[in-house]
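Below is one structure, written out as structure tokens; comments come after it.
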Amino acid sequence: AAYTLLKFRQHMLTNEKEGDKETIVKYLRYPFLAGLFLGWNVATRYAEVLFVPVFGLLLLHYLGARLRTPGSRLYRLKLRVPVINPWPPILAFSVPIVLIGLGLITFNISRYGDPFNTGYLPNETFSAILWQGVVGQLVSPGRGLLLYCPIFILSFWGLPSAFRRFRPEAILASAIIILHLLLYGKWFMWHGGYAWGPRFMIPTLPFWAIFLAPVVARAFPAKSRPSGVGQAVSLSSPDKLTVCPTEDDVSNQTKRNQDSSTLMLRMVYITLAILGLVPQLLSVTIDFSPFQNSLLNTGLPLFAPQTFFDPQYSPFIGAWTFMTHNTLDLAWAWQGQFNW
């Protein structure tokens, strides 16, 4: 949905033939696809309806910003051409969401006899302690996203640059991350149950990655031609030459300092990327259930908060003992048998 809205913005900026039929179809295709993907998202998980207004506001911003751009064809024509009327893209965005919503209501009525009964049990509510859910999803030893994916720590470093250059898109990405944190941080099972890491945060991962883009650009800059070293020669006396520092010398010193910081950032980036492979090794090779069930031997109840926040119960420490040839959970190596 985010990608198709971005394509819609690019299409508005490059559109030359506002009147022909093919252009109109392309113009409406992107908001329609965005609405379709959002409706699909809601059908997958009902709580995701919270994000429909977020994307709707971005669409309205793109339309409004384009119309307010002095000198643009849209600005000059004052909505006289049908293709630049804001209502068609708004309707194209809304129709698939409404149709999917009506389909879900019909399904709930036919299955549960109530349009707002979605099949969840009465005890499955947003009743968790919010700070536990938010902190737990981010940094807890049991479920912390920044421990399972430590490279996203650098996303905070790239966030200011993203806001300066792409403010609307950065606001969208931040809103999706924050709303997921708050929404599922309040869910009674914010930790996701039997799962490696914070599974409710999975839809936010592409948006964390967006904020990594400025970091990658800084850590791995495009190669440029080396600047020449300039020196000024002054004749302080007939038999003595004095080499004086010039702006080029200062510039080269600045460049060396920048190269040093770039190298350090690159090493941090690579280190965090390698560290991020460690939990993936666990999650790919063995099933989570035996480890989770083993925590019951401590006398604590299933999914006790202590098991998520106390490092001694972390899968990073305790799950390695379950990695044997009999417990491998790979398609080609399962229950001690290799499928050649």
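The values are calculated or read from the model by the stated rules, or taken from the named source; none is laboratory data. Keep in mind that what you see is a predicted model, and the values were worked out from it rather than measured. Heads up, the Cβs are rebuilt from the backbone with ideal geometry, glycines too, and the neighbour counts pull from every protein chain shown. For the accessible areas, the whole protein counts, side chains as well, though only heavy atoms, and no ligand, DNA or RNA atoms are used. Shrake-Rupley method; radii C 1.70, N 1.55, O 1.52, S 1.80 Å.
Take the solvent-accessible surface of the protein heavy atoms, probe 1.4 Å, and return the percent of it on the stretch 281-323 that carbon and sulfur atoms account for. Write down the numbers at each step before the final one.
Values: 1380 of 2160 Å².
For the stretch 281-323, the apolar C and S fraction of the accessible surface comes to 64 percent.
Let's test the formula: R0 of 41 Å, r as the Cβ-Cβ distance of Ala304 and Arg111. What FRET efficiency results, to the nearest 0.05?
Numbers: r = 34 Å, r/R0 = 0.83.
Efficiency computed from Cβ-Cβ geometry: 0.75.
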Accessible area in square angstrom per residue, the stretch 106-235, 1.4 angstrom probe: 55 Å²
At 1.4 Å probe size, what's the solvent-accessible area of Thr4? Round to the nearest 10 Å². 10 Å²
Probe 1.4 Å, all chains present, heavy atoms only: Leu281 accessible area in Å², nearest 10, is 90 Å²
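Using 0.36 nm per residue of separation minus the Cα-Cα distance, give me the extension gain between Phe220 and Leu130 in nm, one decimal. Don't jump to the answer; show the numbers that get you there.
On the way: separation 90, 0.36 × 90 = 32.40 nm, distance 3.84 nm.
Taking Phe220 through Leu130 to full extension adds about 28.6 nm, to one decimal.
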Take the Cβ-Cβ distance between Ser294 and Val98 as r, set R0 to 51 Å, and report the resulting FRET efficiency rounded to the nearest 0.05. 0.60
Placed amide H near Leu328: partners under 5 Å, 5+ positions off or other chain: Gln335, Gly336
Modelling each spin label as a point 7 Å along the Cα-to-Cβ direction, I'd like the Phe163/Asn326 distance in nm, to one decimal. 5.5 nm
Would you mind telling me the share, in percent, of accessible area of the stretch 93-173 contributed by carbon and sulfur at probe 1.4 angstrom? 71 percent
